[in-house]
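Participant: I have a structure here, written as structure tokens, and I will follow up with some questions on it.
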Amino acid sequence: MKIEDLNLDYYSDFLGEGEIRFYANSKNIFFKRNIQENPNGSTTYIQSTQGQNDIYYFSMWEGYFYFLIFELSTHLGILDLPTYIKNYNSCLGWKWDDVADIITNEEIDWSIDIFSMTLAKMNGGLKKDWNFECVLDLIIFLKFVRENNMELRIALE
């Protein structure tokens, strides 16, 4: 499967609201944001395009991510969630002043397995406020990252 065949944008319908981004890049490529220095000393963030500098991202509305976390914490408990989700819940990390949270291979594997089970459970319950396609494409994106031995980061944009 090619990354270009996957829907990676579950945010553009919610512009102006919180956006969660999962950034993936080859481990031999230095990850950096597209930042321009202005003459007055300030900086401007320039939105990267998919594949720019061989960095891809899965973009989702924060509401979809929150709902996924809610379902996970309801069935598993907050202490059983991976660090990157705990950091989101406790507002740690995810700031561009710092380095974006790197998601470990173990957390990627956990996310693929648990997101898949949660998706099946939610699909069986036919929840109306659940976006099946978003979570399914996120799972496929995570599998792509693992299969290609890529580095994965998460950030709140």
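Participant: Can you give the three extents of the C-alpha atoms in the chain along their principal axes, from longest to shortest, in whole Å?
Facilitator: 55, 33, 29
Participant: Another question about this same structure. Keeping all protein chains in place, calculate the accessible area per residue for the chain (probe 1.4 angstrom), answer in Å².
Facilitator: Accessible area per residue: 56 Å².
Participant: Another question about this same structure. So what is the relative contact order of the chain, in percent, for Cα pairs below 8 Å that sit 6 or more residues apart?
Facilitator: 36 percent
Participant: Using the crude model of +1 on Lys and Arg Cβ and -1 on Asp and Glu Cβ, and no other charge, please compute the dipole size for the chain relative to its Cα centre, in debye to 20.
Facilitator: 120 debye
Participant: Taking a cut-off of 16 Å between Cα atoms, list the lysines near Lys121, but don't count ones fewer than 8 places away on the same chain.
Facilitator: Partners within reach: none.
Participant: If you don't mind, another one. Hydropathy at least 1.0 by Kyte-Doolittle, axial extent at least 15 angstrom from the Cα trace: which helices of the chain, defined as entire DSSP H runs, fit?
Facilitator: For the chain, where a helix must reach 15 Å along its axis and average at least 1.0, the hits are 132-147.
Participant: Only helical DSSP H runs with n ≥ 4 go in: add -39500 (n - 2.57) per run for the chain, normalise by residue count and round the 222 nm mean residue ellipticity to 500 deg cm²/dmol.
Facilitator: For the chain, the value works out to -12500 deg cm²/dmol.
Participant: For the range 3-45, which GluC sites (Glu not before Pro) are both in a DSSP coil and crowded by at most 10 other Cβ atoms within 10 Å?
Facilitator: Those satisfying the criteria are Glu17.
Participant: Another question, if that's okay. Expressed as a whole percentage, what fraction of the accessible surface of the chain belongs to carbon and sulfur atoms when a 1.4 Å probe is rolled over the protein heavy atoms?
Facilitator: Ligands and nucleic acids excluded, carbon and sulfur give 53 percent.
The values are calculated or read from the model by the stated rules, or taken from the named source; none is laboratory data. Values in this document were obtained by computation on a predicted structure and should not be read as measured data. Using ideal geometry, Cβ is built from the backbone for each residue, glycine included, and neighbour counts are taken over all protein chains shown. Surface accessibility is based on the protein's heavy atoms, side chains included, excluding ligands, DNA and RNA. Shrake-Rupley method; radii C 1.70, N 1.55, O 1.52, S 1.80 Å.
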